[in-house]
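*Asks:* Input: one structure, supplied below.
The values are calculated or read from the model by the stated rules, or taken from the named source; none is laboratory data. Everything numeric in this text was worked out from a predicted model, so none of it was measured. For neighbour counting, all protein chains shown are included, and Cβ atoms are generated from backbone atoms with ideal geometry for every residue, glycine included.
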Amino acid sequence: MTTPAAGPTVVKPTLSLDGARTAVDAALAHARALGVHVAVAVLDEAGHLLAFVRMDGAPYSTIQVATDKAYTAASTRKSTADWFETLQEDAPLRAGAVVGTDRLIVFGGGQPIEWDGVVVGAIGVSGSHWTNDTEIGSAGIAALRG
């Protein structure tokens, strides 16, 4: 929820650095439990990097993919897995969105982070199958709930 303030500005909730670190640590623990090597990026609600880690053994390409998955989720307020489903049902959007939108990732692993129904950030995971990446990101988000 955006709260109006005096004058021409608004106050927006955003994920804290401590929250980002909590999500990264939980995601890493889950990746280790699955036996996979991934990169994890956590961004604020505007799509700016708050926390990032690439596990030993994760390919270098996971740096960009994890960050872009999180960017997609933060900037569109929609998970990357949901983007895949949307594009399956909309041929014109499928034809244009993927090639015409920088940093748009349309397979699982990027998820918005919501707090009280408001997107306050996003997490992106890359390095395993997209289903594992999504599960690892979900573990990071769950850790924020305590």
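*Asks:* With the condition being crowded, with 20+ Cβ neighbours inside 10 Å and among the hydroxyl-bearing types (Ser, Thr, Tyr), I'd like the helices (runs of 4 or more DSSP H) fully within segment 1-103 carrying at least 2 qualifying residues. Step through it out loud before you land on a result.
*Replies:* Values: elements: 17-34, 61-76, 80-88, 91-100.
Because the criterion is at least 2 residues that are crowded, with 20+ Cβ neighbours inside 10 Å and among the hydroxyl-bearing types (Ser, Thr, Tyr), the helices (runs of 4 or more DSSP H) in segment 1-103 that meet it are 61-76.
*Asks:* Which condition does Val125 not pass, out of (1) touching an Asp or Glu at 6+ places or on another chain (Cβ under 7 Å); (2) in a loop (DSSP other than H, G, I, E, B), if it passes all the others?
*Replies:* For Val125, the failing item is (2).
*Asks:* Look through segment 100-115, keep the residues that are more than 21 Å from Val36 (Cα to Cα) and at pLDDT 95 or above, and return whichever of them is nearest to the chain's Cα centre (by Cα).
*Replies:* Looking at residues that are more than 21 Å from Val36 (Cα to Cα) and at pLDDT 95 or above, I get Pro112.
*Asks:* Restricting attention to segment 107-114, does a residue exist that is surrounded by fewer than 20 Cβ atoms within 10 Å (Cβ to Cβ), of a type outside the set (Ser, Thr, Tyr) and under 23 Å from Gly19 (Cα atoms)? Give the derivation first.
*Replies:* Step one: list which residues in segment 107-114 are surrounded by fewer than 20 Cβ atoms within 10 Å (Cβ to Cβ), which gives 107, 114.
Going one step further and asking which of them are of a type outside the set (Ser, Thr, Tyr), we end up with 107, 114.
Next, only the ones that are under 23 Å from Gly19 (Cα atoms) stay: 114.
Among the residues of segment 107-114, at least one is surrounded by fewer than 20 Cβ atoms within 10 Å (Cβ to Cβ), of a type outside the set (Ser, Thr, Tyr) and under 23 Å from Gly19 (Cα atoms), which makes the answer yes.
*Asks:* Ala81: farther than 22 Å from Glu135 by Cα, out of contact with any His (no Cβ under 8 Å at 6 or more places or on another chain) and of a type in the set (Gly, Ala, Ser), yes or no? Spell out the reasoning first.
*Replies:* On the way: farther than 22 Å from Glu135 by Cα: no; out of contact with any His (no Cβ under 8 Å at 6 or more places or on another chain): yes; of a type in the set (Gly, Ala, Ser): yes.
Answer is no for this residue.
*Asks:* Could you tell me which numbered condition Gly124 fails, if it satisfies all but one of (1) under 19 Å from Ser16 (Cα atoms); (2) of a type in the set (Gly, Ala, Ser); (3) free of Cβ contacts under 8 Å to residues at least 60 places away in the same chain?
*Replies:* Here Gly124 meets the rest and fails (3).
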